[in-house]
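Heads up, the thing below is written out as structure tokens.
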């Protein structure tokens, strides 16, 4: 039976009360990780999960076998497995917008059926996948040419949020797998400096712009797209500039009205949220950089986790990790989560994850609009190791706030790292990762430290995710692992993880303010709050207007 589109107050459930009691008893009894490991020699092996190529050690969380059983019971009470199954089946789980949520279909096999309302979406998905691949093949072969007949050498992705964060993160992560045939750049910020940097040194005759906007109405994206078109037109002429633009959107008519050839408009759909869209044509620039085979390998990695979840949602690794986040957030008071990849190439992974988690689950009401009775999404932050050890790890180890940490590390250096010396440095990198997790968990006791300033309290939870190497497949697995965690968290809290009305309100206010920035200080009748009116007046004074 499909889950209801309303959600009861999960904090009123007996399972929630049982977890609150368990946490209280652990806190009152001073239960610590050192003691848990000492009493249970098999804890490390039992508290390690695998999915695909990923080895996930969650043994350093303040949980027992009994705690895990209570968390799984909470998931069942919240209908989390049923909500996951409903999502995978194409039911309209995005209840506020009446939409299905089928980013998993983007990485399905061509032979898979994707039924929504009795209609099989697979043919459209396969057709768009082939159109995208055909463009990439033409670009890499030098067959897709600009208005002057020169081949395209650079692709500039213009988007923001989900239309940029995922592809840009993956482009950086898979640098070792770039074909070298096409250079890719990403522009998102409406700050003119961002587009200037993105265009620096480029020849308009050899540049293709990919404008990615689901509704083709995102103000920042359209502003940058217009500026890019003016830049191209200044060198090539207004009519010729159109040959240097393609679009990825669910609003085909708006893209055509912008001046993009209908044959150069690639589809995304309203059942794909932007932050989950990297596996669609929204990843066109990424595919141009790494080639269709590597892009397909990344999709296959995502599919590995999707199939793992679909086989048994309750027993899946994302279910467990999502529940551990709920445990830390709601029963141990953790307000934030740090994500620390020990991989330079994954330096943008925490930035991508910020949107996936906080835009999805940064909500204050349940599915039926009633207020939440508990905290929802944690604040996500982080940085790359070992750099982060010399910036914020001091707070992680000795600060007054306990922060759960996700460590991500590869067993092998990047494929393009050079020789034996690189292997030795990589061993040092891995050692640092493992050491940080150990120090957070077990600390340095006062009697060992001999000085309170040197004491590390330990007992601070972390997860270590270890993979063989940063390949396209492994990256896809990491992406899907976190995507599914988000769905688990949202299901437990009874919220809609798939809308983002908080983002849209700020854009509406900006539209009203920009007129007064352009036309002069606001009149007394302007419909702004007093502080905004004051800031606009200061703006004009500082501009000398």
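Being under 18 Å from residue 299 (Cβ atoms) and in a loop (DSSP other than H, G, I, E, B) is the filter; apply it to region 174-193 and report the residue that is farthest from the chain's Cα centre (by Cα).
179
What residue, of 264, 253, is assigned by TED's automatic domain parsing to the domain that holds residue 213 and in contact with a strand residue (DSSP E or B) (Cβ under 6 Å, 6 or more places away or on another chain)?
Just a single option satisfies the conditions, and that option is 264.
Got a number for residues in region 415-431 being in contact with a helix residue (DSSP H, G or I) (Cβ under 8 Å, 6 or more places away or on another chain) and crowded, with 17+ Cβ neighbours inside 10 Å?
So the first thing to find is which residues in region 415-431 are in contact with a helix residue (DSSP H, G or I) (Cβ under 8 Å, 6 or more places away or on another chain), and the list is 415-417.
Subset that is crowded, with 17+ Cβ neighbours inside 10 Å: none.
Total meeting the criteria: 0.
Can you tell me which of 183, 143 is surrounded by 14 or more Cβ atoms within 10 Å (Cβ to Cβ) and out of contact with any helix residue (DSSP H, G or I) (no Cβ under 6 Å at 6 or more places or on another chain)?
When all the criteria are applied, what remains is 183.
Consider residue 268 carefully, then state whether it is closer than 24 Å to residue 361 by Cβ and crowded, with 19+ Cβ neighbours inside 10 Å.
The answer is yes for residue 268.
Being assigned to a strand (DSSP E or B), touching a residue at least 12 places away in the same chain (Cβ under 8 Å), within 25 Å of the chain's Cα centre (by Cα) and farther than 20 Å from residue 471 by Cβ narrows it down to one residue among 403, 380, 351, 356; which is it?
Only one candidate passes the filter, namely 380.
All but one of (1) closer than 23 Å to residue 351 by Cβ; (2) assigned to a strand (DSSP E or B) hold for residue 198; state the number of the condition that does not hold.
Condition not satisfied by residue 198: (2).
Restricting attention to region 437-474, which residues are more than 22 Å from residue 59 (Cβ to Cβ) and buried (at least 18 other Cβ atoms within 10 Å of the Cβ)?
Listed by number, the residues that qualify are 470, 471, 472, 473.
Is it the case, given these coordinates, that residue 216 is over 23 Å from residue 353 (Cα atoms), in a loop (DSSP other than H, G, I, E, B), in contact with a helix residue (DSSP H, G or I) (Cβ under 7 Å, 6 or more places away or on another chain) and not assigned by TED's automatic domain parsing to the domain that holds residue 511?
Numbers: over 23 Å from residue 353 (Cα atoms): yes; in a loop (DSSP other than H, G, I, E, B): yes; in contact with a helix residue (DSSP H, G or I) (Cβ under 7 Å, 6 or more places away or on another chain): yes; not assigned by TED's automatic domain parsing to the domain that holds residue 511: yes.
Here the answer is yes, as residue 216 does meet what is asked.
Out of all the residues in region 229-243, is one or more touching a residue at least 60 places away in the same chain (Cβ under 8 Å) and in contact with a strand residue (DSSP E or B) (Cβ under 8 Å, 6 or more places away or on another chain)?
no
Just to be sure before I move on: is residue 101 part of a loop (DSSP other than H, G, I, E, B), modelled with pLDDT of 95 or more, more than 30 Å from residue 21 (Cβ to Cβ) and in contact with a strand residue (DSSP E or B) (Cβ under 9 Å, 6 or more places away or on another chain) in the structure I sent?
On the way: part of a loop (DSSP other than H, G, I, E, B): yes; modelled with pLDDT of 95 or more: yes; more than 30 Å from residue 21 (Cβ to Cβ): yes; in contact with a strand residue (DSSP E or B) (Cβ under 9 Å, 6 or more places away or on another chain): yes.
When the stated conditions are applied, residue 101 passes them.
Against the condition free of Cβ contacts under 8 Å to residues at least 40 places away in the same chain, over 21 Å from the mean Cα position of the chain (by Cα), more than 30 Å from residue 220 (Cα to Cα) and outside the structural domain of residue 270 (by TED's automatic domain parsing), how does residue 454 come out, does it pass?
Yes, satisfied.
Of all the residues that make up region 272-308, how many are closer than 18 Å to residue 487 by Cα and assigned to a helix (DSSP H, G or I)?
Final tally of qualifying residues: 10.
Tell me, please, whether a residue that is touching a residue at least 12 places away in the same chain (Cβ under 8 Å), within 30 Å of residue 497 (Cβ to Cβ) and in contact with a strand residue (DSSP E or B) (Cβ under 6 Å, 6 or more places away or on another chain) can be found in region 439-448.
yes
Being assigned to a helix (DSSP H, G or I) and over 18 Å from residue 383 (Cα atoms) is the filter here, so list the residues in region 440-453 that pass it.
441, 442, 446, 447, 448, 449
Taking residue 284, is it over 21 Å from residue 409 (Cβ atoms), touching a helix residue (DSSP H, G or I) at 6+ places or on another chain (Cβ under 8 Å) and crowded, with 20+ Cβ neighbours inside 10 Å?
Yes.
Please determine whether any residue of region 329-339 is under 18 Å from residue 476 (Cβ atoms), crowded, with 21+ Cβ neighbours inside 10 Å, touching a strand residue (DSSP E or B) at 6+ places or on another chain (Cβ under 7 Å) and touching a residue at least 40 places away in the same chain (Cβ under 8 Å).
Yes, that holds for at least one residue.
Among the candidates 12, 20, single out the residue that is touching a residue at least 24 places away in the same chain (Cβ under 8 Å), surrounded by fewer than 16 Cβ atoms within 10 Å (Cβ to Cβ) and in contact with a helix residue (DSSP H, G or I) (Cβ under 7 Å, 6 or more places away or on another chain). Explain how you work it out, then say what you get.
Values: 12 fails: in contact with a helix residue (DSSP H, G or I) (Cβ under 7 Å, 6 or more places away or on another chain).
Within the list 12, 20, the selection yields 20.
Checking the structure you have, find out if any residue of region 480-490 is exposed (fewer than 12 other Cβ atoms within 10 Å of the Cβ) and either more than 35 Å from the chain's Cα centre (by Cα) or touching a residue at least 60 places away in the same chain (Cβ under 8 Å) (or both).
Checking region 480-490: not a single residue is exposed (fewer than 12 other Cβ atoms within 10 Å of the Cβ) and either more than 35 Å from the chain's Cα centre (by Cα) or touching a residue at least 60 places away in the same chain (Cβ under 8 Å) (or both).
The values are calculated or read from the model by the stated rules, or taken from the named source; none is laboratory data. Small disclaimer: the values here were computed from a predicted structure and weren't measured. For neighbour counting, all protein chains shown are included, and Cβ atoms are generated from backbone atoms with ideal geometry for every residue, glycine included.
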